[in-house]
Amino acid sequence: MAVLISGRGSNLQALIDAIAEGRLDAEIAVVICNHKHAPGIQRARAAGIATYVFVRRDYESRETQHEAMLACAQEHDAELIVLGGFDRILSPAWVETYPNRIINIHPSLLPAFAGGMNPKPQQDALEAGVKIAGCTVHIATADVDAGPIVAQAAVPVLADDTVDTLANRILAQEHRLLPQVVQWFAEGRVHIEGDRVRIAGVIPCLWWSDG
Ligand code: GRF
């Protein structure tokens, strides 16, 4: 897979750890980042993964920047693209090149609280007073946070939650969910039928537990 990041890279780390621990039978062929100082770059390099940075101002347009990133993913033979906190919508060429093979993780139970980067969705959930929040892995399409839902993980919203405590509870589930979903792709279990995704042999939802 190629993992695209923009910042902290904790979901990238979850993938690196899952592979190291034998829970995920896949390889991170390349990490692609669009910010020079993203902390996630160090995580990738520490794990010995080929890592490339494509900064927007080095390119004439967003399209040419995204073309260069796409060429990089293809040169590394990526079969699955994982958006692990990538803060831009990918150009249409990506979606055409990797139909149904680009996944994104979003910190809400979509379709609720779509749009906005961490911690906006978590803050919106808190303000809406929902009692269950969570995260979603979905197929990335040309629309923001709108592609078919692959899997979700749910967490409770507690009475004394702040945005930080809720975001951290969700993040712990992101780190369980994302490697699990990639493993299902690796096993060939993921079947996309229109807007619905079926994962052969498993129920694709995880529940929070404090134990
Ligand atoms: C996560 O909250 C993810 O759901 C969202 O961006 C954040 C990325 O965090 N898409 P990290 O860079 O993986 O730590």
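The values are calculated or read from the model by the stated rules, or taken from the named source; none is laboratory data. None of these values were measured; they are calculated from a predicted model. Positions of Cβ are generated from backbone atoms using ideal geometry, with glycine treated the same way; all protein chains shown enter the neighbour counts. Accessible surface is based on the protein model in full, side chains and every heavy atom, while ligands, DNA and RNA are left aside. Shrake-Rupley method; radii C 1.70, N 1.55, O 1.52, S 1.80 Å.
Some values worked out for this structure:
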read-out: Flag for THR141 being among the hydroxyl-bearing types (Ser, Thr, Tyr), closer than 16 Å to GLY84 by Cα and open to solvent by 10 Å² or more (accessible area, probe 1.4 Å); value: yes
read-out: In the range 156-211, the residues that are under 21 Å from VAL130 (Cα atoms) and β-branched (Val, Ile, Thr); value: VAL157, THR162, VAL163, THR165, ILE170
read-out: Meets criteria (part of a loop (DSSP other than H, G, I, E, B) and under 21 Å from VAL202 (Cα atoms)) for LEU158; value: no
read-out: Boolean, THR136 is crowded, with 19+ Cβ neighbours inside 10 Å, touching a helix residue (DSSP H, G or I) at 6+ places or on another chain (Cβ under 6 Å) and either of a type in the set (Val, Ile, Thr) or modelled with pLDDT under 95 (or both); value: no
read-out: Odd one out for ASN168, checked against (1) within 16 Å of the ligand (Cβ to nearest atom); (2) in contact (Cβ under 8 Å) with a residue 12 or more places away in the chain; (3) part of a helix (DSSP H, G or I); value: (2)
read-out: Failed item, numbered, when GLY188 is tested on (1) without any contact (Cβ under 8 Å) to a residue 24 or more places away in the chain; (2) open to solvent by less than 60 Å² (accessible area, probe 1.4 Å); (3) part of a helix (DSSP H, G or I); value: (3)
read-out: Selection within the range 87-103 - within 16 Å of the ligand (Cβ to nearest atom) and closer than 12 Å to ALA2 by Cα; value: ILE102, ILE103
read-out: Filter result for MET117 (within 16 Å of the ligand (Cβ to nearest atom), among the aliphatic types (A, V, I, L, M) and at pLDDT below 95); value: yes
read-out: Failed item in (1) farther than 24 Å from ALA38 by Cα; (2) in a helix (DSSP H, G or I); (3) open to solvent by 50 Å² or more (accessible area, probe 1.4 Å); (4) of a type outside the set (A, V, I, L, M, F, W, C), with GLN183 passing the rest; value: (3)
read-out: Meets criteria (modelled with pLDDT of 95 or more and over 25 Å from ARG196 (Cβ atoms)) for SER91; value: no
read-out: Residue within the range 52-68 that is of a type in the set (Val, Ile, Thr) and more than 12 Å from SER91 (Cβ to Cβ) present; value: yes
read-out: Selection count, the range 115-134, where residues are within 14 Å of the chain's Cα centre (by Cα) and either in a helix (DSSP H, G or I) or of a type in the set (A, V, I, L, M) (or both); value: 1
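Condition check ((1) open to solvent by less than 60 Å² (accessible area, probe 1.4 Å); (2) touching a strand residue (DSSP E or B) at 6+ places or on another chain (Cβ under 8 Å)) across all residues:
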| residue | (1), (2) |
| --- | --- |
| ILE5 | yes, yes |
| GLY22 | no, no |
| ALA71 | yes, no |
| VAL82 | yes, yes |
